[in-house]
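Every number in this text was worked out from the coordinates using simple rules, so none of it is lab data. Computed from a prediction, not measured in an experiment: that's the story for all the values here. Cβ: placed from backbone, ideal geometry, glycine included. Neighbour counts: every protein chain shown.
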Amino acid sequence: MSSSSPPAASAPAPTPPCTWRRALASLAKTLRHRRDIATDAITGTFGVGALAHRPKGGYHLWVSLPEQSDSRQFASDALTRGVSITPGHNYFVSTNGTPHIRISYIAAPSPADIADAIGRLAAVLPRGR
């Protein structure tokens, strides 16, 4: 007599540590490359002082705007240029201080798109920056 039990489900094999480390190293290299492209484009578009901190990791950059800027309006104007950024105002309890925007360099389809998008923000900057 034969039993027709369903086949036993097998758990996925654990990822070997060396494979996981290689994947993390590859991701870190990719993110560093994207960060470097973004920081160079920000410096070229917004000026040297716009990027107060260059992070060692992560995938966002905080960019200072001119004092009289409104980060929400800047983000709205950026959308008209096809660039999605986040107003820094969303992350602060008070509205005092220098206005900022948050730029993510992870979501762009390619590194070239990062530089292109940041370059398009020059049209949104107030004159004289």
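On the stretch given as the stretch 64-94, residues that are over 17 Å from ILE118 (Cβ atoms) and of a type in the set (Asp, Glu) total 2. ARG34 falls short on exactly one of the conditions (1) out of contact with any strand residue (DSSP E or B) (no Cβ under 6 Å at 6 or more places or on another chain); (2) surrounded by 16 or more Cβ atoms within 10 Å (Cβ to Cβ); (3) without any contact (Cβ under 8 Å) to a residue 60 or more places away in the chain, and that condition is (3). Screening the stretch 56-77 for residues that are out of contact with any strand residue (DSSP E or B) (no Cβ under 8 Å at 6 or more places or on another chain) and small (Gly, Ala, Ser) and picking the one that is nearest to ARG127 (Cα to Cα) gives SER69. With respect to the conditions (1) surrounded by fewer than 16 Cβ atoms within 10 Å (Cβ to Cβ); (2) under 16 Å from VAL124 (Cβ atoms), HIS53 lacks only one, and its number is (2).
Do we have ALA107 as farther than 15 Å from ALA50 by Cβ, surrounded by 20 or more Cβ atoms within 10 Å (Cβ to Cβ) and under 16 Å from the mean Cα position of the chain (by Cα) here? No: the conditions fail for ALA107.
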